[in-house]
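Below is one structure, written out as structure tokens; the observations come after it.
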Amino acid sequence: MTDFLLELRSEEIPARMQVKAKEDLARLFNDALAKAGLAAASVETFATPRRLALIATGLPLATDAVSEETKGPKVGASPQAMEGFLRKAGLSQDQLVERDGVYYAVVEKAGRQTADVLAEAIPAIIRAFPWPKSQRWGAASVSTESLRWVRPLQGIVALLGDDVVPCDIEGIVSGAETMGHRFHHSGAITIGNAGDYIEKLRAAHVLVHFSERCRIIRDGAKAAAEAAGLHLVEDEGLVIENAGLTEWPVPMLGRFDPAFLDVPQEVIQLTARVNQKYFVCHDASGKLANAFVCTANIDAHDKGAAIVAGNEKVLAARLSDAKFFWEQDLKVALDSQAQKLAQITFHEKLGSVADKVERVAKIARWLVTEGIVTGATADQAERAARLCKADLVTGMVGEFPELQGIMGGYYARAQGESEAVADAIRDHYKPVGQGDDVPTAPVTVAVSLADKLDTLAQFFAAGMPPTGSKDPFALRRAAIGFLSLLLQNDLRCSLKDMLIASEAGASFDTLEEFLIDRLKVQQREAGVRHDLIDAVFSLGGEDDLVRLLARVKALQAYIMTAEGANLLAAYKRAANILKQTDGGEKSSVAPTQAGAHHVSQSGTTDAIGSSLRWSDGDLGSEESALRSALDTAEPKATAALSVEDFEGAMAALATLRAPIDAFFEGVMVNDPDPAKRAFRLSLLARFRDAVCRVADFSKIEG
């Protein structure tokens, strides 16, 4: 057994591609080994800006000899069948093996040297590598068939043990030499084998472990901030990106003019992060400080003074641009900016952004006027809605689209709008994803809910719902945001009324079904069973989603108990008996004198059921107990449901468990006596219908 090293050295690999490239290299390498009948004990991959590498341990020096056997035609088969098999196998008939009246082609294949397998695999891996973007270079690039790599490939190290695995791709010949850090090391480095690769590169100022570079950046940036009495704003995405940009990372603290702190802090942070890959810092009070941490790719002799100065100069230029946008945008009233929205297309089938704003304002006002959203005035909701998209035409949002909404809130506050309106403009896009904050401020809730409802209604009405995995307009995300706003703010409203207000049109039923499906997905992640949502929703008439979910949660809490499971089993048994008796139609149970009941069923018991009367003396103990329990439980459950006391309704149903169990244990429902049978079926129908006032138990699994 021996180890294998492969390094593919190139010009700078984009940071965003490196993690995936490591995974792809391991996958392609393992697949190539598997095809040859080889497997490594372990495979570890590495990525830096200038190299992608792999170390495989525990490789055998050769593959085992194998015997491949192919079943052929039976002895005595037609000449045509035999001729075709021989041609396919590349053998003559006397080379076949006969066994149990069947011919077999047996081919012995000798083992191969692992070095030969790898020599074939390396060029194949390079040519098949799935870079998101790749390029051709040099004179050969005039042909579309020339070698492609993410950036021009410059060298290949391929060592099996201490020996070079010879291969050549487009004139790039494998060897044992690589290069160290671009600035800290000159000349080639000769690698002896996989075992000394990592340390030889470390000596040449290259850290091949991605995780090690991440740790140095994470810890070094924090230490640099703390040394200046500041707190680093942690950003793991920025750690990963800087690790992909450096082979020898050195975090350093820099400063910028405090005058730039007049610009909103989100602008400063985004400018530093997106444009320059810098971390920002807070002071002891939690306010943004005029400091940043950059990550150099060199251990400078002057301890980074020149590097920091250069970065400070670049950031100052960026912040000057941001300050200019901020000051220019403030000169234009949001009302004036909003008028420009008529020139921006929301969607070719749905009009301009101004058209959307008009619809959102109308819905937001309706939500407050109808008392669905309380604590806000209709004028506030409409005002915020009419200004919520105005910042889309500002210079700042044009430069940083990520700041839409946020900048609108700043401009609104600076131009004298109320805090409620400014906050609604800032936050109306929320929630935008899993884990995002759900607004609770009334004006914000009204505008955010209206915005999402309009988006859903308009795209569905235009015949553009999500299909399969495709959701180009993020309608699933909009639906989850809409549901989160309703549920977390306990907004009581008929879903039907909201869809009518949004002018969903002919898409009403489709959109309602879509929202219920999204509710199931959302609640499944919260541990709520989808079948219980179906059980409540299928009753009909329940489209207040807050109330529906409260009923579902009470039902789930009860069904998960032993008592609830037994009641469910009893329901299914009763429903099956009634289905067999009346062909699946529900029995109609009507009260008679002395508290008795009769059952009217299709078919066999109509005449008997319509004339049958019972007195207490005619009942067995189990029948009497069940009837009494129903007489008590039915009104209690109904009363509890009327005041939305779903736990109380479940408690009332729970009293039926013992008498229904005793009934099944002691009574033969399908008695030969038609009168007894009809009465007993009426009791089961009452039991079934009582249970189904809470939920359609037929939809519940288990």
Is it fair to say residue 97 is without any contact (Cβ under 8 Å) to a residue 60 or more places away in the chain and β-branched (Val, Ile, Thr)?
yes
Tally time: how many residues in the stretch 653-668 are open to solvent by 10 Å² or more (accessible area, probe 1.4 Å) and either hydrophobic (A, V, I, L, M, F, W, C) or more than 49 Å from the chain's Cα centre (by Cα) (or both)?
8
Mind listing just one residue for me: the one in the stretch 510-537 that is open to solvent by 50 Å² or more (accessible area, probe 1.4 Å) and assigned to a loop (DSSP other than H, G, I, E, B) and, of those, modelled with the highest pLDDT?
529
Starting from the stretch 104-127, keep only residues that are within 26 Å of residue 93 (Cα to Cα) and open to solvent by less than 30 Å² (accessible area, probe 1.4 Å), then list their pairs with residues that are in a helix (DSSP H, G or I) and among the hydrophobic types (A, V, I, L, M, F, W, C) whose Cβ atoms are within a distance under 9 Å, requiring at least 6 positions of separation or different chains.
105/85; 105/86; 105/89
Scan the stretch 173-193 for residues that are in a loop (DSSP other than H, G, I, E, B), in contact (Cβ under 8 Å) with a residue 40 or more places away in the chain and over 16 Å from residue 246 (Cβ atoms) and report the count.
2
Close pairs (6 angstrom Cβ cut-off, 6 or more residues apart or separate chains): without any contact (Cβ under 8 Å) to a residue 12 or more places away in the chain in the stretch 412-433, open to solvent by less than 60 Å² (accessible area, probe 1.4 Å) anywhere:
413/422
Close pairs (7 angstrom Cβ cut-off, 6 or more residues apart or separate chains): free of Cβ contacts under 8 Å to residues at least 24 places away in the same chain in the stretch 206-225, not in a helix (DSSP H, G or I) anywhere:
222/232
Scanning the stretch 229-258 residue by residue, the ones that are within 18 Å of residue 274 (Cα to Cα), among the β-branched types (Val, Ile, Thr) and not in a helix (DSSP H, G or I) total 2
Qualifying positions in the stretch 616-666 - free of Cβ contacts under 8 Å to residues at least 24 places away in the same chain, among the β-branched types (Val, Ile, Thr) and not in a helix (DSSP H, G or I):
643
Among the residues of the stretch 454-496, count how many are more than 21 Å from residue 358 (Cβ to Cβ), of a type in the set (Val, Ile, Thr) and assigned to a helix (DSSP H, G or I).
1
Every listed condition ((1) on the phi > 0 side of the Ramachandran plot; (2) open to solvent by less than 20 Å² (accessible area, probe 1.4 Å)) holds for residue 187 save (2)
Given 502, 507, which one is surrounded by 19 or more Cβ atoms within 10 Å (Cβ to Cβ), at pLDDT 90 or above and of a type in the set (Ser, Thr, Tyr)?
502
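Looking only at the stretch 60-96, count how many residues are closer than 29 Å to residue 34 by Cβ and either modelled with pLDDT of 90 or more or surrounded by 14 or more Cβ atoms within 10 Å (Cβ to Cβ) (or both).
Here is the first cut: in the stretch 60-96, the ones closer than 29 Å to residue 34 by Cβ are 60-72, 85, 88-91.
Filter again for either modelled with pLDDT of 90 or more or surrounded by 14 or more Cβ atoms within 10 Å (Cβ to Cβ) (or both), leaving 60-63, 70-72, 85, 89, 91.
Looking only at that region, the number is 10.
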Out of the residues in the stretch 191-239 that are touching a Gly at 6+ places or on another chain (Cβ under 9 Å) and surrounded by fewer than 20 Cβ atoms within 10 Å (Cβ to Cβ), which is farthest from residue 161 (Cα to Cα)?
231
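The values are calculated or read from the model by the stated rules, or taken from the named source; none is laboratory data. Keep in mind it's a predicted model, so treat the numbers as computed, not measured. Methodologically, a virtual Cβ is constructed for each residue, glycine included, from the backbone with ideal geometry; neighbour enumeration extends over all protein chains shown. Ligands, DNA and RNA are stripped out before the accessible areas are found, and what is left, the full protein with its side chains, is counted by its heavy atoms. Shrake-Rupley method; radii C 1.70, N 1.55, O 1.52, S 1.80 Å.
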